[in-house]
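Input: a single structure, listed below in structure tokens.
The values are calculated or read from the model by the stated rules, or taken from the named source; none is laboratory data. Note that the coordinates shown come from a computational prediction; the quantities given were computed from them, not determined experimentally. As a convention, Cβ positions derive from the backbone with ideal geometry for all residues, glycine included, and neighbour counts pool all protein chains shown.
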């Protein structure tokens, strides 16, 4: 049976879990995710985990934070004046916003603290600083 090699495009089902067991993503019951091994467009360690797998094969891979979304970077946590946020936005801890300079590319941020005058936002990827575990099933080699 043919095994996936560098440069192959594969279709996989994945289920991602945090260390506490929380499932944060799955493609089961949906269209499989398509990856090109070695392309580097998605988490490269996840792509590399499909190397040597054959259609129908399953494996579990744990990625350290440095292999997934990297460490949390303190310089990506900002305090902004609360007055800069439009009144029609329901502002609570955990709210996700898109912010950026006029004419610039917006960045997705998460509200992590709210005070009377300031809002603290975090522009780190949601899973930065966390290890992720993926159950992978190779559906087919395209």
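Things to note:
- Considering only residues in segment 92-127 that are in contact with a helix residue (DSSP H, G or I) (Cβ under 8 Å, 6 or more places away or on another chain) and in a loop (DSSP other than H, G, I, E, B), the one that is modelled with the lowest pLDDT turns out to be 116.
- Residue in segment 2-12 that is touching a residue at least 60 places away in the same chain (Cβ under 8 Å) and within 14 Å of the chain's Cα centre (by Cα) present: no
- Qualifying residue in segment 28-37 (condition: touching a residue at least 60 places away in the same chain (Cβ under 8 Å), buried (at least 16 other Cβ atoms within 10 Å of the Cβ) and either out of contact with any helix residue (DSSP H, G or I) (no Cβ under 7 Å at 6 or more places or on another chain) or assigned to a strand (DSSP E or B) (or both)): yes
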